Each structure stands twice: as structure tokens, then as C-alpha cells.
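Beneath this line is the structure, given in C-alpha cells, with notes to follow.
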Amino acid sequence: MRFVDWFRFEPNSLQKSLLTSLRGCAAPGAAGLLVLMWPTGSGKTEGGLWSARWMGGPRMGVHLALPSVATTDSVYWRVWRWARRALAVSSPVTLAHSRAGRGAQGAVLSHDDGEGLVLEAAPEFLQGRGRLVVAGVTVSTIDQVLLAGLRIRHNVLRIGGLTRKVLVVDECHAYDPYMQCLLRTVLAWWGALGVPVVLMSATLPRSVARSLAAAYLSGSAPGVPLPEFSPAYPGWFHVDGATGHPTVQAVDAERTRILSVRLTGLPGSHRATRRDVLPACDRARARVVAKLFEHGWQRLCVLVVCNTVASAQNTALALPAVLPTDIEVLLVHAHYREMDRTGVTTNVEAAFGKDRAHRPRRAVLVTTQVCEQSLDLDLDHVVTDLAPLATIIQRVGRGRRHAEHSRVRVPVTVLVPQTAEGLPDDGRWEAIYSTAAVRISRELLESHGVITEPDDVQALLEALEARLGGGSADEDVLSHLEGEQAMAEAARPVVIPHPRELVDLFDLTDLSGSDEEAATRYRLDSVQILPLWRRPDGNLSLEPDTDLPLPVLLPHDLEPIRERLLSTRHATWQKHLGADAQPPAGWAGDKRLGPLVLLVHPAPGKAVHAAGWTVFYDRYLGLVTRPPPPKE
């Protein structure tokens, strides 16, 4: 079947290069690793799916792994539509991540001689914990794949289910050293088992690309060194699983994006005061956005990307006071209930997505890191908080993403936080990003100015990688290297042995401790929250404006509860909620939902106060958590 029959559009130059050249180096069903290094918005997902079907041949399925829940949910239906056209036989197509509800876990494309492939409910067998990955086609978070590399129960079942399919890993640049260590272990096992793998990224340093290829080859052809070669960007390379021979293909991109980057100071503290609940820096961010509309543009949609959920919420609250009344302010981030997040994401994609139904004339979309990988959006101007270079490139990829011109100019404003003395505060978000990576990225942006994509991107990434490497005496770089080393060291006790070093099958599941200690992410510390509202009669409701009682016993169908859960990090306020935070006694012993905390609002419209924190859930803002104001 032709590419256009699968995806309903003609292949671009990058995709055409796969169609014409991959056949010459990758035999169907043979071990091999393909790495796609393509710019943002260039159709990596479609290229990866086509490559997976070719490399796997007719007997292997496809498993697409993505970095986040939001990304996975967004891509699932795209893959389902592709599978309906590409598969010749019946197959389950499942969605697998920690928050996938029973009703959304998957479906079966069943073969019908008269109708082709039709949708049916997924079989009961696949509904069990850990079984979704056994399906012929699966879309999951990367965690579902990395679990196969951990010393935990049932990982042999997971390995067996996953290795019947070509593994496609998207955004493989987005993983820290802890996750990279797990990924390299998985790649070595997939290589040893002869399973083809496709890796994809728009911002992958060459050293990381080579290390992943070497890990795969160490399993598929032990003792065969990876030859010296330089990966091309934009382009792709394939490493033969038996010989290690690399095939490198550079490709001319059909479109050039000119990123007009302007760095702007972001003054003010990021902490609220007793007099103003909105921090000064968030109000300053809103003023920067408002100035963009002072030029009188009749059509202007601005993307504002904040580094924290709290900053995004505060900015969305501050914007209406400084914007003309005709400008709509939309907000999307990760701290919504599942049902609300789905609705918010649908509205945003309807306004700014590729298949948008109605694009506003003038609007502002405030968001967080969720836009970097999960949302296929197209806005006119990108305003972003300062972050590592690869992160900024990903965010800027949402600027004029679907423009059809061969040369597109994207205006970009990078907000640089400032100290009280007016100096760059590169460590403002050190809990999220390495201070050294942020500082060096800022310096590269200051010296470079206009960035041409794809021509300048790889050189900038390599420059950042080189300056973060060994040999520097800068204190923040040394701290960065220590942090990277700590993450890599943390993975070693929980990762399974290399397939060529395995002595006893017991080593695949031997973990001194609990499964929870073997996390797929470094210092993963999250909790499920169920917002509730107390009614006048004292009973608890699942909704603030309707009486939907909290069940005393967990029902067989958990979907009404699952879709109202949200996930956030453990925080001080959660320890001071008192007895109200405990689930009903009738839920004890039922492990289907896992650990969770009840957030009981005293009444609709009233916040919860715990240890000085103010906490509440709002359909527009999501989960709002405000720490105690500082003493003055």
C-alpha cells in the first residue's frame, strides 16, 4: 500500500528518503536500529510508523512509546486511524499508561470480509494490569517500555509482549541520564532478541544518538564495535543489527524556519506576597504579552510557555487585566482531572491544531511543558520562559508550524528572569532544569540571535553539549555533571543485567525492596488526587455544581472516578489534610485505583487550607496550590 493510502497525504522529502532508501539497508524482520533526526513538525510519527511496518514485516506489530500521558493520549487516535488502513488482519490497538481508564484502554480492529477492519471492544484478557502491552499495536508512555528493564515482577511477560513488535520511541532526547540508562538496557535486550527499533527526535545530540546505537549493537552483535560515523541532521541513519554497518542519509528539508529570537528581561519575584496573590514576575510576563497586541494586529495568536503550572495559572489570571476584551485567554497544563484535561485539549486543538475548526482572530494560549511534545499546535508568536536550548527549540516548533511556505519566519520572545539587581537569574528554575544548561543556552541565544532551522539547530545543540562536558571549572557545570552522575548511578541497582551477562533468570526479578522502589523516572514522587465538594447535607460530591455522591463502596465500573483523578507531586499540604483525605472505609482492600488522596472542599467555591497552603480545584485553572506567603 502506498504512503498516501496510509496517511492521506503525499510524503515530504524526509519521508520520501525512507521510502526510497530504507529498503536497501533494512531487511523486513531483521535486527536493526533506525534513528530519525528530523526537525519539529516534519512528520516523524508518520515516517516512524511506515519504517516500523517495513522493518517488522508482516509478522510483527508496532509499539509506539512517547514521553508523557498527554502525548500518548493525543497520538493514540492518529495511530488507530493509521492501523485501520495499514493492517490486513485483526489486531488489538491499545492505549497503555498509568491513567488509562478502562473505557479508553483499547479496541480491536476486527477483519470483516465485507467491511474491512471494524472497531470492537478489546478482549477482557487485555484489561488486566500490565497486559495492554501484549496487543499487536500499542501506544504507550515510555514508562511501559522501561519497566521491562527493571527487576520487577512479571517483567518477563512484559518483555515477551513487547518484543513481538517493532519498538518506536519518540522524543528520545527528552530523557534524563536515569531514563537513558534504562533505555540503553532495553535497547540491548531488543537487539539480543532481534527486534527492530526506531528512535525519533528533533533535538538529539550526536553523542547521545551514537550511545543508543552502540547499546543496541551490544545486544544484537556482541563484540562488534560501532563504526565511526557522523549522524546527519536533518536525516536518518540505520545500523545493521548483525554487522553494525551504518547507513547515513542526509536529507534536504523542504521548509526553512527563521527563528527571530529576542531575549527580554523578566523582572520581579516568583513568590506571592500577602498583598498580592499573583507574583510580580507573572504579572510582568502578562505585560510582555500585552505589548505584542499594541501594534494593532487584527490577527494574532500568541503561545506563552511557562516553566511551572503555577506560573501558567497566574499568567492566565493576570492577562485579562492588561489585554483588550476581545482577546480570548486559553489555559492548558497537566494538573487537570482527566475528564477536564480531555475537554481542554480538544478545545485547544480545535482552535490551533492542524485540523482546526475555528481559529480565533486574536487569542493567547498559556501552557507549560505539555506543549513541547503532546500538542500539535500552530500559533503566530511564541513567548517562552528561559529553558535549555533543546526545550526552547521544541516549544518554538509550535510557531507557524503548519505554514505552507518554503521559508517561514517565526517571532520568538525568550523571557530571562532577573534578580533584584537586574542580572540574569539562571537558577530560577533549578528544581526543573540544570542551572548550567540554562545559562549556557542563554549565552548561545544571546550570541546567535536569528536561528535558521534546520541549518543552525544541530550546531547549537553540539555547542551546548560540548560546554556541559568535562573540563570546565565553572561551579554550575560541575554541579550539573554531579547531578547527571547521580541519576545514572541511581539506575544501576534496579536495572536488569545486560542480556549477554545474564547468569540466572532470578536476576530479572530480584529487587531488594518493593516494585515501587524500581521507578522508571528519577525520584518519581507523585500522588493521585480526587477533588470532592461537601454538600449542604454533609455528603461528598464528585462535582461542585451537581449532586454526584461519592460511592461508599467502589463500583465495578471505575470510570466515573478514574476520569476525575489528577496526578501531582507529593507536597507538604497533603500531609495536613486530616482525616478527610482518607478514602472511605469501604474502599479498603480494593487496589484497582491505587493510593490516592481526597481533596475535600468545605463547600463549592471554597478553598482548602492546610499548613498555610491554599488549595482548590477549578475547571479553568485546574489544581491550584498556593504556598504560605512569606513573612514580611
For segment 320-337, check the following and say yes or no: at least one residue is in a helix (DSSP H, G or I) and at pLDDT below 95.
no
Can you list residue pairs whose Cβ atoms sit under 6 Å apart, with the first residue in segment 140-161 being open to solvent by less than 30 Å² (accessible area, probe 1.4 Å) and part of a helix (DSSP H, G or I) and the second being among the polar types (S, T, N, Q) and modelled with pLDDT of 85 or more? Count only pairs 6 or more apart in sequence or on different chains.
Asp143/Thr520; Leu146/Thr520; Gly149/Thr185
Whether any residue in segment 298-313 is surrounded by fewer than 18 Cβ atoms within 10 Å (Cβ to Cβ) and not hydroxyl-bearing (Ser, Thr, Tyr) is what I want to check.
yes
Would you mention how many residues in segment 561-579 are over 14 Å from Trp613 (Cα atoms), without any contact (Cβ under 8 Å) to a residue 60 or more places away in the chain and among the β-branched types (Val, Ile, Thr)?
1
Residue hits (segment 440-475; surrounded by fewer than 21 Cβ atoms within 10 Å (Cβ to Cβ) and charged (D, E, K, R)) are Arg442, Glu443, Glu446, Asp455, Asp456, Glu462, Glu465, Arg467, Asp474, Glu475
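Residues are listed down the side, and each one gets a yes or a no for (1) within 21 Å of Cys306 (Cβ to Cβ); (2) of a type outside the set (Val, Ile, Thr); (3) assigned to a loop (DSSP other than H, G, I, E, B):
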| site | (1), (2), (3) |
| --- | --- |
| Arg395 | yes, yes, no |
| Glu404 | no, yes, yes |
| Val412 | yes, no, no |
| Ala436 | no, yes, no |
| Leu445 | yes, yes, no |
| Gln458 | no, yes, no |
| Leu478 | no, yes, no |
| Leu481 | no, yes, no |
| Glu484 | no, yes, no |
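Can you tell me which residue in segment 162-191 is surrounded by the fewest Cβ atoms within 10 Å (Cβ to Cβ), limited to those that are assigned to a loop (DSSP other than H, G, I, E, B) and over 19 Å from the mean Cα position of the chain (by Cα)?
It comes out as Arg164.
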For Thr435: the one exception among (1) at pLDDT below 95; (2) crowded, with 17+ Cβ neighbours inside 10 Å; (3) not acidic (Asp, Glu):
(1)
Checklist (1) free of Cβ contacts under 8 Å to residues at least 60 places away in the same chain; (2) touching a strand residue (DSSP E or B) at 6+ places or on another chain (Cβ under 8 Å); (3) of a type outside the set (Lys, Arg) applied to Ala213, failing item
(1)
Within segment 4-24, can you find the residues that are open to solvent by 30 Å² or more (accessible area, probe 1.4 Å), in contact with a Phe, Trp or Tyr (Cβ under 8 Å, 6 or more places away or on another chain) and in a loop (DSSP other than H, G, I, E, B)?
Glu10
In segment 25-45, how many are buried (at least 22 other Cβ atoms within 10 Å of the Cβ), of a type outside the set (A, V, I, L, M, F, W, C) and closer than 22 Å to Ala192 by Cα?
1
Check Gly223, Gly194, Gly235 and return the single one that is within 21 Å of Ser17 (Cβ to Cβ) and surrounded by fewer than 21 Cβ atoms within 10 Å (Cβ to Cβ).
Gly235
Mind checking which residues of segment 351-384 are within 18 Å of the chain's Cα centre (by Cα) and part of a strand (DSSP E or B)?
Gly353, Val366, Thr367, Leu377, Thr384
All positions within segment 584-618 that are closer than 21 Å to Asn539 by Cβ and not hydrophobic (A, V, I, L, M, F, W, C):
Pro584, Gly586, Asp590, His601, Pro602, Pro604, Gly605, Lys606, Tyr617
Can you spot a residue in segment 539-550 that is without any contact (Cβ under 8 Å) to a residue 24 or more places away in the chain, under 22 Å from Val344 (Cβ atoms) and either open to solvent by 80 Å² or more (accessible area, probe 1.4 Å) or in contact with an Asp or Glu (Cβ under 8 Å, 6 or more places away or on another chain) (or both)?
yes
Among residues of segment 511-527 being under 19 Å from Ile432 (Cβ atoms) and hydrophobic (A, V, I, L, M, F, W, C), the residue modelled with the highest pLDDT is Val527
Can you confirm whether Ala215 is over 18 Å from Ile142 (Cβ atoms) and modelled with pLDDT of 95 or more?
no
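The values are calculated or read from the model by the stated rules, or taken from the named source; none is laboratory data. Every value quoted in this text rests on a predicted model; they were computed, and no experiment measured them. Here the Cβ is made from the backbone with ideal geometry for all residues, glycine too, and neighbour counts use every protein chain on show. All accessible areas refer to the heavy atoms of the entire protein, side chains included, with ligands and DNA or RNA removed. Shrake-Rupley method; radii C 1.70, N 1.55, O 1.52, S 1.80 Å.
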